[in-house]
Amino acid sequence: MLSRKTITVITCCAASILLLVLAGCGSGSGDKPSVSPVEGPQEIVSVYKANCVSCHGTGLQGRVGPATDLRKVGARMSAADITKQIEEGEGSMPAFQDRLTAEEITGLADWLASKK
């Protein structure tokens with residue numbers, strides 16, 4: 001059986017993690033972006049804004065830790081790797097294979113791969 005102190009520590013850690021996740025993925029409706037908005041083909045930017053901004057930020061800067069920073073993602077991942085990541089997800093990133101069309105995924109992957 002766990003001691004009261006252990007339970008308190010676990011509860012505090014879980015609450016802290018939850019607050020960090022909620023703060024990072026919030027809608028940010030009242031926040032002003034700290035970097036410039038994304039630029040690119042309107043149809044790709046629209047898909048990005050509708051599906052990616054909450055975790056990757058209005059300027060690709062990432063909102064949920066360094067792994068979500070996409071400003072230079074093309075320097076570390078190929079378009080094929082990015083496509084796979086979008087389709088299958090990984091870690092805290094959900095899969096978008098059933099949410100986006102193949103054309104939207106390819107467009108996002110190609111656009112992001114150009115970010116070097």
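We did not get these values from a lab; they are worked out from the coordinates using the rules stated. What you see is a predicted model; the values in this text were computed from it and never measured.
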Sequence-distant aspartates and glutamates (8 or more away, or on other chains) whose Cα lies within less than 18 Å of LYS115: GLU39, GLU43, ASP69, ASP81, GLU104
Amide H to amide H, which residues 5 or more places from MET93 or on other chains are under 5 Å from it, using H placed in the peptide plane? none
How would segment 67-112 be classified by its alpha-carbon gyration tensor: rounded, prolate or oblate, with rounded meaning a/c under 1.5 and the a/b versus b/c comparison settling the rest? oblate
